[in-house]
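J.: Take this structure first; my questions come after.
Every read-out reported here was derived from the displayed coordinates using simple, explicitly stated rules and does not represent laboratory data. This is a predicted model, so every value here is computed, not measured. No Cβ is skipped: glycine too gets one built from the backbone with ideal geometry, and neighbour counts run over all protein chains shown.
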Amino acid sequence: MPLMILPSKLGPHILLNAGLTLSDLKGSPLCVNGMKLLIYAYDLGGIPLTQSMANFNRKCVEWAAEEFRWPGYEPADLYAVTKVLNEPDFPPLFGLHSMFLNARLIRHFKGKAVLTKAGMAVLREHGRLQALLFDRAFFDSDPYGGDPRVVEAGLWDVRHILTVVSNRLGDWVSLSDLTEWSVAVDAFPTTGPLGAKHNATLYVALNAVRPLSWLGLVEVVNGQDGDLGGRHLRKTPLFDKFVHLASLQVGSASVH
């Protein structure tokens, strides 16, 4: 397995192995299916867009529903909700479209989504695509736009969350415990019938666990009766192959 360690755009102390191969990354639905989508766009000379919303056209959505086989979004699951699939009906495809635009791997041109030079450069380079999508998934998930005050408040610190996953998720832990370890629960609003802990748990589930799961870095099993906090998760072997966390130097001491 080749090593090509790159610093993440999320911070210099987060290092990513962009030298991984398709075999290494077969557990990452974001990378595997993202590459399928790039190749699809390349082979077509661009994916036609809808005139109203500039989404991928229905033919692409139907192709992706069958081709991706995304866990939790199998064709039967998608068509159980609606008989006619549009891009927003398939959240992983909708997310990939946004990530590709924001990473400038594609652009909209004359009614089509076409590959840019950057998109052409990562074709069949799965490790490089995984690294790009890692950064993009967390940038796009952060509802606070990287505001440093949010980090200071303990609401959103990607490096800290990754450190928790690295050190504590070698075996199954509950989402409730992960939330307690990852964010300052008391800093979350108490609005709603379930209070701050529920709001914090939902926040971690959407903004940390979902991108980590889509990247193949954690696996998740649902709790009983749909209990959000009762979900359990653990890191996959891919996490330690792909993510490397450098020590933070504080004065003469190092913090791991």
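J.: Counting only residues that are charged (D, E, K, R) and within 17 Å of the chain's Cα centre (by Cα), which one in region 157-212 is nearest to residue 140 (Cα to Cα)?
T.: 210
J.: So which residues in region 210-231 are touching a strand residue (DSSP E or B) at 6+ places or on another chain (Cβ under 7 Å) and not in a loop (DSSP other than H, G, I, E, B), if there are any at all?
T.: 212, 213, 218, 219, 220, 221
J.: Which number in (1) among the aliphatic types (A, V, I, L, M); (2) under 17 Å from residue 50 (Cβ atoms); (3) in contact (Cβ under 8 Å) with a residue 60 or more places away in the chain marks the one condition that residue 123 misses?
T.: Condition (2) is where residue 123 drops out.
J.: How many of the residues in region 165-175 are assigned to a helix (DSSP H, G or I) and surrounded by fewer than 21 Cβ atoms within 10 Å (Cβ to Cβ)?
T.: Residues in region 165-175 being assigned to a helix (DSSP H, G or I) and surrounded by fewer than 21 Cβ atoms within 10 Å (Cβ to Cβ): 3 in total.
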